[in-house]
């Protein structure tokens with residue numbers, strides 16, 4: 001198969017139709033609201049790993065896409081999971097990191113002793 005070059009650019013009418021379809025898809029799936037929520041949470045949590053935090057938020061958002069009705073229970077459980085993950089990330093990046101600094105990762109018994 002030979003290279004056939006770039007696809008033909010859509011005309012103005014086609015571009016407008018594509019833009020309208022994209023806007024409708026985003027509106028129906030509440031994409032702008034979910035992205036805004038994720039960015040607000042990012043700002044208030046100020047995580048050390050910004051991109052990791054955003055990837056967790058995008059995973060939560062992507063699991064919501066396609067479903068028109070999301071139960072309040074699911075939202076609460078999702079928020080609890082996100083809170084638990086953030087707590088774990090904070091533990092790993094701060095106290096556990098300091099406790100295990102300069103330890104030999106191959107000496108599992110010493111690491112186990114420190115963590116008890």
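Given a Förster distance of 35 angstrom, what is the FRET efficiency for residue 26 paired with residue 84, based on the Cβ-Cβ distance and rounded to 0.05?
0.75
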For the pair residue 113 and residue 43, how long in nm is the line joining their label points, each one 7 Å along Cα→Cβ?
4.9
At a Förster radius of 41 Å, what calculated FRET efficiency corresponds to the Cβ-Cβ distance of residue 93 and residue 12, to the nearest 0.05?
0.25
If I take R0 = 41 Å and measure r between the Cβ atoms of residue 103 and residue 33 in this structure, what FRET efficiency does the formula 1/(1 + (r/R0)^6) give, to the nearest 0.05?
0.35
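Readers should treat all values here as calculations from the given coordinates under stated rules, not as data from a laboratory. Given the structure is predicted, the values throughout are model-derived calculations rather than measurements. Backbone-built Cβ (ideal geometry, glycine too); neighbour counts: all protein chains shown.
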